[in-house]
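As structure tokens, the structure follows; a few thoughts come after it.
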Amino acid sequence: MIKITKELIDEHGINKDEYNFILQSLNREPTITELGIFSAMWSEHCSYKSSKTWLKKLPTSNDKVIQGPGENAGVIDLGNGDAAVFKMESHNHPSFIEPYQGAATGVGGIMRDVFTMGARPVALLNSIRFGDVKNSRTKHLLTGVVSGIGGYGNCMGVPTVGGEVEFNSCYNDNILVNAMCVGIAKINKIFYSKASGIGNSVVYVGSKTGRDGIHGATMASAEFDESSDEKRPTVQVGDPFAEKLLLEACLELMKEDIIIAIQDMGAAGLTSSAVEMASKGNVGIDLNLDNLPCRESFMTAYEMMLSESQERMLMIIEPEKEKEAKSVFDKWGLDFATIGVLTDTNRIIINHENEKKADIPLNILESGAPSYNRPYKIITNSEVDQSYLQNSDEEIINILKKLISSPNLCSRRWVWEQYDHMVMNDTVLRPGGDSAIIRIHETNKALAVCSDSTPRYCAADPIEGGKQVVAESWRNITSVGAKPIAITDCMNFGNPEKEEIMGQFAGVINGMIEACELLDYPVVSGNVSLYNETNGKGINPTPVIGGVGLLDNLDHFSTPSIKRENDNIIILGETKGHLCQSIYAYEIFGDIRGLPPKVDLLMEKKIGDTVRNLIKKIKIDTVHDISDGGLLIALTEMSIAGNIGFDLNISQNKLDNGYLFGEDQGRYIILVEDKNLSKTIEYIKKNKISHSIIGKSCGKKIKINKNSEVCIEEIRHLYENWFENYLKVN
């Protein structure tokens, strides 16, 4: 019998008040297995104890939402009996410690969240963030994470179709690896995790249980320090080939009327899956760990319950259907073991080797979990006069070259070319645009998907940053002509016990609420990752938004590449030339002061709806939203993508660095043929949208007011070779 000491309690991340509550609830001292279960279920990673009071305020429904937060993934209605199932999660701490396996198992875990609901995964996206490019660990972490994402997704045969990469010194010691998965299912074949039926069997399927990942949830709920490398054993080890077998076995079984409930074994492994399923069903659960398939000898109940070995599921099945279910998993060469039964006790009871290792009322693990209203203080940057940012001595073309070849604006081709983005043959629009487009198999409909975040805005003004990240996602879905439906989020922040960090979280949530409500763009799933902090230094607040929209007719959509010469270039939305918090300000002046651009949500919706109608009614086929880097960067990206240049003719009273590189929100670039110009302008004016015709597409050069020009090929070389050049240097 292991003695429960203060040191042991501290190691499990349980504070004094929480432990006293355990003693009162059990009316005795917990066993070591029970202490481990409380530690996992009450960890920040599993219980959301610092964030759930705020998360409950987010809009989570509209007329397309079938399932909002609370399940393995969110579900939306795509019409004609089809549903999209999607979620985003973080694997930040493990990826810093062991980049390949951390990223790989993050991808594997998010796919299980989707296919456990009966959906076949059809697309993966990611949002990855690393430290300063000069930091000694950045290359190692970058190459390891990208390899892990590609290695797992490619082996599973699921295309990785989009994402984002950012470098910033705030991530030097806490990189971010957020993975998103989207799947397609039939509405009448969605599976949930609510256990039901007293006497029904609790069945374990998939790979065997090992000692990898023990304390993974607890480790992901704490700050790092100099000893973080010692936590390497808490990083799970993935096997994508085993997951592929598990995927096919589960989907095959789901065709029959056999599974009552199903849950992925993710963070906290068997503990969280058993507790969550029984709690949702208001039933008890008895487990006999003697029957658990293990790949290592002499595993204890503590280790079995807390292991985060990958590629495992827990199912509830009627006893008389076990034989039929087992035959499916035997066929796919996977373990299938009955390890328990549902009871009417509302307790979790765990037996191993003829000894009761745990006996806990479920209500104190779930509803009794701590919930903190942590004090917070929303801090914003001071406003500064940005006029000095206009006055760069450099020529416009030289500024363009510097920005387009900078780490946070250059092409991500090196990254996404390591991912198989065409497998399954339904990728219509590949990575590199505003949104990827994935055909809904054997239909003429498609999903538009993207992932977005602008941490520098959130750090400068959390509320405005929270608005902007939702609006940016909405714009990216709109830019291809799709109707934005819903989002998943991944909320990456520092230590919530600090008022200013909790203020960042509260501010961002408030901004998101405002944007989600006005844009009718609810949050249906997500994840919170706190304590992204090392030795007291936290990351920038980084809420990542994964957006999903519907393109109801693939016969026409827009892309951000220039397609023809002599098209008219039109900016929609007002340009004020906001440079504070822009990439221009950072790269040219090294300046991170001031406030981000304001987001006018009413105008955002009005312009976005107009753009979508232009694409649908007038068949506009070239659209790009203006975001990081501003107007000239967006146009240059379009030029490189289509290998056609442009000639801008901008009035001299407008032509300055703010106009060209400012990051004012709610703006789009559209290209319109002469034959469609009059009716396009008529429609824009009818909707009272600010707009300007600023030039035409032509030739192989980028020209600005006849006196500044550069060849596309020169710019392309700078744009597309940064990663290769960076990784070549020892």
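Inspect the stretch 122-139 for any residue being part of a helix (DSSP H, G or I) and buried (at least 24 other Cβ atoms within 10 Å of the Cβ) and give the result as yes or no.
Checked the stretch 122-139: no residue is part of a helix (DSSP H, G or I) and buried (at least 24 other Cβ atoms within 10 Å of the Cβ).
Taking the options Ser473, Ser479, Ser558, name whichever one is among the hydroxyl-bearing types (Ser, Thr, Tyr) and closer than 25 Å to Asn72 by Cβ.
The match here is Ser473.
Out of everything in the stretch 336-348 that is open to solvent by 20 Å² or more (accessible area, probe 1.4 Å) and touching a helix residue (DSSP H, G or I) at 6+ places or on another chain (Cβ under 7 Å), what residue ends up being nearest to Glu256 (Cα to Cα)?
If we take residues in the stretch 336-348 being open to solvent by 20 Å² or more (accessible area, probe 1.4 Å) and touching a helix residue (DSSP H, G or I) at 6+ places or on another chain (Cβ under 7 Å), then Phe336 is nearest to Glu256 (Cα to Cα).
What pairs come out if I take residues in the stretch 154-177 that are in a helix (DSSP H, G or I) and pair them with residues that are buried (at least 24 other Cβ atoms within 10 Å of the Cβ) whose C-beta lies under 6 Å away, six or more apart or interchain?
If the second residue must be buried (at least 24 other Cβ atoms within 10 Å of the Cβ), the pairs left are Cys170/Ile539; Cys170/Asn540; Tyr171/Arg129; Tyr171/Phe130; Tyr171/Ile539.
Of the numbered conditions (1) within 25 Å of Ile198 (Cα to Cα); (2) open to solvent by 30 Å² or more (accessible area, probe 1.4 Å); (3) touching a residue at least 12 places away in the same chain (Cβ under 8 Å); (4) not in a loop (DSSP other than H, G, I, E, B), Glu303 fails exactly one; give the number of that condition.
The number of the failed condition is (1).
For the stretch 307-321, give me the residue count where each residue is open to solvent by less than 10 Å² (accessible area, probe 1.4 Å) and in a helix (DSSP H, G or I).
0
Take the residues in the stretch 468-484 that are open to solvent by 10 Å² or more (accessible area, probe 1.4 Å) and in contact with a helix residue (DSSP H, G or I) (Cβ under 9 Å, 6 or more places away or on another chain), then tell me which one is nearest to Lys605 (Cα to Cα).
Among them, the one singled out is Lys483.
Assuming Asp628 fulfils every condition listed in (1) surrounded by 15 or more Cβ atoms within 10 Å (Cβ to Cβ); (2) of a type in the set (Asp, Glu); (3) free of Cβ contacts under 8 Å to residues at least 60 places away in the same chain apart from one, which condition is it?
Unmet condition: (3).
List the number of the failed condition for Glu324; all other conditions in (1) farther than 25 Å from Phe661 by Cβ; (2) at pLDDT 95 or above; (3) crowded, with 16+ Cβ neighbours inside 10 Å hold.
So Glu324 meets the others, but not (3).
In the set Ser405, Ser371, Ser382, which member is of a type in the set (Ser, Thr, Tyr), modelled with pLDDT of 90 or more and buried (at least 19 other Cβ atoms within 10 Å of the Cβ)?
The match here is Ser405.
Has the stretch 444-467 got any residue that is surrounded by fewer than 24 Cβ atoms within 10 Å (Cβ to Cβ) and closer than 21 Å to Pro121 by Cα?
Taking every residue of the stretch 444-467 in turn, at least one turns out to be surrounded by fewer than 24 Cβ atoms within 10 Å (Cβ to Cβ) and closer than 21 Å to Pro121 by Cα.
Could you grab me the full set of residues in the stretch 697-725 that are within 21 Å of Lys654 (Cα to Cα), open to solvent by 60 Å² or more (accessible area, probe 1.4 Å) and outside any loop (DSSP other than H, G, I, E, B)?
The answer is Lys703, Glu709.
The values are calculated or read from the model by the stated rules, or taken from the named source; none is laboratory data. Everything quoted here is computed from the prediction, not taken from an experiment. Here the Cβ is made from the backbone with ideal geometry for all residues, glycine too, and neighbour counts use every protein chain on show. Side chains included, ligands, DNA and RNA excluded: accessible areas come from the protein's heavy atoms. Shrake-Rupley method; radii C 1.70, N 1.55, O 1.52, S 1.80 Å.
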